[in-house]
Structures are given as structure tokens and as C-alpha cells.
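The values are calculated or read from the model by the stated rules, or taken from the named source; none is laboratory data. None of the values given here were measured: they were computed from a predicted structure. Cβ sites come from the backbone with ideal geometry, for glycine too, and all protein chains shown count toward neighbours. These area figures cover heavy atoms from the full protein model, side chains too; ligands, DNA and RNA do not enter into them. Shrake-Rupley method; radii C 1.70, N 1.55, O 1.52, S 1.80 Å.
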Amino acid sequence: MIKSNIHINWYLWFFLMLFLLIFGAYMFGIKTIIYIIDKGVSFFNISIFIFCFFLELFLLIVLKGFKYLIIDKSKNQLKYYSILQPFGKTLYFEDYIGTFQTTETGSLGSYKVLYLVDESNITRLKILGLYYKNMDEIMKIITLPKIRKNLSPKEYFKLLFIGKINLSEIENKKNEESRITTYLKIFIIISIVIFIIGTLIRIFG
């Protein structure tokens, strides 16, 4: 049996993301709706509201990926705890046909990501190597067959944000990882800049 060894800094990061999620919901959700009702509809207000809605959704997706894992090879099972499963959920490896590995890129560089793939060839549980000191150990103890596919940028972003994709519908294509990494970096930079500008406008406007 092994347990995920989470970087201590990521506990702090988790609570920071949780704060931003709550703060954003108040500043750009409740306050913006009240402002629109009071002052009327404008293109700028609606644009800020729509953007911040998707940003909040992105934060929720990030928080959802933060999991504490307990893997028991003798019982052929994995149990995890997350913001959406505070009391834990147990998965049995016999219900999955393999694992799919990809790479994601953040401000701290690239890291491995592992998905469990069910009998319908759909990716399910997402395990982000960004959080764990012992990601290699986690990947090693999960001895399911490895499924290999080269994703297009569209398929990559669908998997990134939704977390589910049918691998049987994907044709093996030329490896486009470098393009995907570039697009992701641009998206992260634009999101951060717009979030900061929007925050300053709401605070000082």
C-alpha cells in the first residue's frame, strides 16, 4: 500500500485557489449581478461576467484535481479524497482496461498526468503529477496496460478542462505536444492578465 506524498506547498496553494474561487464568486458573480440590475446592462459588464464565470469554472476544475490517494495493490483498489469527494471514493482496477498518460504545462514547468481508462475507453480519474513527490511510485504501482494516443490540440484541451474523452474515437496523429504547450502557456498568461485587470477595475472603479 502506498499513499500520495503531496508537496507541502500545494496545501497552501489549494487554500489559495479555494480563496480565489470564493472571492471571485463574490466579486464577479454576486456584485456584478447586483451592479447590472442597478446600473443596467452593458457590453463591458456582461463580458467581465462571462469571462469570470469561465475563470471560476477553471478554478473549480483545478481544485477538483487536487486529490489525496491511497493505493492498495493487494486489494487491487485506489481510494481518493477530493473537494468533491470529502469522504472518499474507492475505485477497483478490475473495472478499468488501462491508463493513459499525457503532459500538462504550468508556471512551474511540465508534469505528468495519468488517467484511468474504463471499459468504454473513456478517461476517468485524473492524477496530476504536479501535486505529488512520489508520482513515479504511483504510476509504477498502477500496473494496468498503457494506452497510447497522440491528441490534437482540440482533443487535448477537451481532456484538460472536461477530464473525459473517448480514446477509441481518436486517430493516432502526428505528435503535436509542442503546439499544445505553446497554446496552453498563452491561455494561462491571458487569463492571469485579464483577471488582474478585472480585479483592479472592480476594486478601484
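Return a yes/no flag: does the range 108-119 have any residue that is touching a residue at least 60 places away in the same chain (Cβ under 8 Å), over 24 Å from Leu12 (Cβ atoms), open to solvent by less than 70 Å² (accessible area, probe 1.4 Å) and of a type in the set (Ser, Thr, Tyr). So far as the range 108-119 goes, no, none of its residues is touching a residue at least 60 places away in the same chain (Cβ under 8 Å), over 24 Å from Leu12 (Cβ atoms), open to solvent by less than 70 Å² (accessible area, probe 1.4 Å) and of a type in the set (Ser, Thr, Tyr).
Of all the numbered requirements in (1) modelled with pLDDT of 70 or more; (2) open to solvent by 30 Å² or more (accessible area, probe 1.4 Å), Tyr183 misses one, and that requirement is (1). Hey, among the residues in the range 149-165 that are open to solvent by 40 Å² or more (accessible area, probe 1.4 Å) and in contact (Cβ under 8 Å) with a residue 12 or more places away in the chain, which one's nearest to the chain's Cα centre (by Cα)? Filtering the range 149-165 for residues that are open to solvent by 40 Å² or more (accessible area, probe 1.4 Å) and in contact (Cβ under 8 Å) with a residue 12 or more places away in the chain, the one nearest to the chain's Cα centre (by Cα) comes out as Phe161. Just for the range 67-107: of the residues that are part of a loop (DSSP other than H, G, I, E, B) and over 21 Å from Met1 (Cβ atoms), which one is most open to solvent (accessible area, probe 1.4 Å)? So the residue we want is Ser107.
Contact map, the range 73-94: residues that are closer than 26 Å to Met17 by Cβ paired with residues that are assigned to a helix (DSSP H, G or I) and open to solvent by 90 Å² or more (accessible area, probe 1.4 Å), Cβ distance under 6 Å, separation 6+ or inter-chain. Pairs shown: Leu84/Lys64.
Of all residues in the range 1-27, those that are without any contact (Cβ under 8 Å) to a residue 12 or more places away in the chain, under 22 Å from Ile138 (Cβ atoms) and hydrophobic (A, V, I, L, M, F, W, C) total 3.
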